[in-house]
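Beneath this line is the structure, given in structure tokens, with notes to follow.
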Amino acid sequence: MADMGLFRTAVTEWAAGGPGDPARELAVRLSVRAVVLLEGPSDVAAVDALAASRGRDLAAEGVCVLSIGGAMSVGRFTGLLGPPGLGLRLTGLCDEAERRYYARGWERAGAARQEFSVCAADLEDELIRALGTTRVKELVEAEGDLRALQTFLRQPAQRDRTSQQQLRRFLGTKKGRKIHYGRVLVEALDPDRTPAPLDDLLTVL
């Protein structure tokens, strides 16, 4: 739904100090009921891919999936979108290292429940463990990135890392790669192998 993109833009501009009226008006017009607060665009790609694989159109359901540009910004968005602002239901996904920012954001916004999921390291790590390193390497090859991976693995810094650690680092070495593989890895999952944090996120919506 293209209009939900307008709402995302309006909220992002509001959080950056712009006017709030456009976001308020769009929230009413689109019947927005919930917002999923995600650290970055690769998480958005993964959540959108999982929803699509389950036959769900989150935008049509009144759910906005929003990249907030890092966990340290979460308090600003919970204040604008939660009870002190638009009064929308809040949920989200974060890394274990960023849990405290999310917990504090929910608390300061006065949200009744802290409904967000937490990845052990990050979402890429969860997906690699769910698929297995062999399968992930097959997907990297299928996407035309095998030569880049082989070059990366020859770097001295990678010698003492496990295959899982190497792949996780590789996904973050080029701009846009994490976003691309956020979708690719999710689409390759067997339904019963979805990482719990990602599965839980979709279940509560």
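The values are calculated or read from the model by the stated rules, or taken from the named source; none is laboratory data. Just so we're clear, the structure is a prediction, and the values are computed from it rather than from any experiment. Methodologically, a virtual Cβ is constructed for each residue, glycine included, from the backbone with ideal geometry; neighbour enumeration extends over all protein chains shown. Protein only, heavy atoms only, side chains kept; ligands, DNA and RNA dropped before computing areas. Shrake-Rupley method; radii C 1.70, N 1.55, O 1.52, S 1.80 Å.
Basic side chains Lys and Arg get +1 at the Cβ, acidic Asp and Glu get -1 at the Cβ, and with that the dipole of the chain about its Cα centre reaches some 480 debye.
Take the Cα gyration tensor of segment 49-205, multiply each eigenvalue by 5, square-root it, and list the three semi-axes largest first, rounded to whole angstrom. Provide the component values of the computation, followed by the final result.
Working: eigenvalues 200, 65, 33 Å².
Largest first, segment 49-205 gives 32, 18, 13 Å.
Residues VAL28, VAL11, VAL44, sorted by accessible area with the largest first, give VAL28, VAL44, VAL11 [1.4 Å probe; ligands and nucleic acids excluded].
What is the mean projected area of the alpha carbon convex hull for segment 125-195, to one decimal in square nanometres? It would help to have the intermediate numbers written out before the result.
Values: hull surface 17.6 nm².
For segment 125-195, the mean projected area of the Cα convex hull comes to 4.4 nm².
For the chain, carbon and sulfur atoms together expose 47% of the accessible surface, with a 1.4 angstrom probe and every protein chain in place. Set the Cα radius of gyration of segment 99-142 against 2.2 N^0.38 Å, with N its number of residues, and you get 1.73. Positive-end ranking of GLY82, ILE68, PHE170 along the dipole of the chain, with charges on Cβ about the Cα centre, is headed by PHE170. Over the residues of the chain, the helix contribution to mean residue ellipticity at 222 nm works out to -16000 deg cm²/dmol, using -39500 (n - 2.57) for each DSSP H run of at least 4.
In terms of solvent-accessible area of protein heavy atoms at a 1.4 angstrom probe, what is the ranking of LYS174, LYS137, highest value first?
Heavy-atom accessible area, descending, gives LYS174, LYS137.
Counting heavy atoms of the protein chains only and a 1.4 Å probe, report the per residue accessible area for the chain as a whole number of Å². Don't skip to the end; give the middle numbers.
Working: 10200 Å² over 205 residues.
With all protein chains present, the chain gives 50 Å² per residue.
Ligands, DNA and RNA aside, SER53 has an accessible area near 80 Å² when probed at 1.4 Å. Here the peptides 149-159, 55-65 are ranked by packing, the mean other Cβ count within 10 Å, and the order with the highest first is 55-65, 149-159. Our coupling estimate for segment 98-110, obtained by passing each phi through the Karplus curve with A = 6.51, B = -1.76, C = 1.60 and θ = phi - 60°, is 9, 3, 4, 5, 5, 4, 5, x, 5, 5, 5, 7, x Hz, Gly and Pro reported as x.
The modelled label-to-label distance between ARG99 and ARG54, using points 7 Å beyond Cα along the C-beta direction, is 2.2 nm.
Obtain the radius of gyration and the Kirkwood radius of segment 46-109 from its C-alpha atoms and give Rg over Rh.
Numbers: Rg = 12.7 Å, Rh = 12.7 Å.
Here Rg/Rh amounts to 1.00.
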